[in-house]
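One structure is given below, encoded as structure tokens.
The values are calculated or read from the model by the stated rules, or taken from the named source; none is laboratory data. Just so it is clear, the structure is predicted and the values come from calculations on it, not from any experiment. So basically every Cβ, Gly included, is an ideal-geometry build from the backbone, and we count neighbours across all protein chains shown.
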Amino acid sequence: MAGHLRIDLFLKMSRLIKRRSLAKEICDAGCVQINGRVAKAGALVQVDDVLTMDIRDRLLRVRVLRIPQRIEGPEGVVEVLPGEVEE
């Protein structure tokens with residue numbers, strides 16, 4: 001089982017974003033962060049990473065629970081976190 005996956009492929013396989021090309025565009029536009037750092041499409045995602053996506057004025061924060069091996073829904077792959085950043 002792989003311990004990491006490219007962020008654009010992870011977003012597609014977890015069904016957080018429907019198409020890989022769209023996931024790549026969103027990443028390259030600087031709308032996705034991994035553990036608080038802006039992530040380009042080739043950045044690697046690992047278990048327990050926190051992803052923050054700011055898409056169309058909607059903030060989504062998720063924790064990676066496992067790396068999917070095929071396309072499947074987000075249930076069991078990610079845990080949705082509160083949108084507010086704790087200080």
Exercise for the section: Working only within region 21-38, note down all residues that are assigned to a strand (DSSP E or B) and either out of contact with any helix residue (DSSP H, G or I) (no Cβ under 7 Å at 6 or more places or on another chain) or free of Cβ contacts under 8 Å to residues at least 12 places away in the same chain (or both). Expected result: GLN33, ARG37, VAL38
Exercise for the section: Filter region 1-10 down to the residues that are assigned to a helix (DSSP H, G or I) and without any contact (Cβ under 8 Å) to a residue 40 or more places away in the chain, then identify the one that is farthest from MET53 (Cα to Cα). Expected result: LEU9
Exercise for the section: Please specify each residue of region 60-81 satisfying the condition of being surrounded by 13 or more Cβ atoms within 10 Å (Cβ to Cβ) and either assigned to a loop (DSSP other than H, G, I, E, B) or not basic (Lys, Arg) (or both). Expected result: LEU60, VAL62, VAL64, LEU65, ILE67, PRO68, PRO74, VAL77, VAL78, GLU79, LEU81
Practice task
Hey, could you check region 40-59 for residues that are touching a Gly at 6+ places or on another chain (Cβ under 9 Å) and assigned to a loop (DSSP other than H, G, I, E, B) and say which is farthest from SER21 (Cα to Cα)?
Solution key: VAL47
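Run down VAL38, VAL50 and say which single residue is touching a Lys or Arg at 6+ places or on another chain (Cβ under 9 Å), within 20 Å of PRO82 (Cα to Cα), among the aliphatic types (A, V, I, L, M) and modelled with pLDDT of 95 or more.
Going through VAL38, VAL50 in turn, just one is touching a Lys or Arg at 6+ places or on another chain (Cβ under 9 Å), within 20 Å of PRO82 (Cα to Cα), among the aliphatic types (A, V, I, L, M) and modelled with pLDDT of 95 or more: VAL50.
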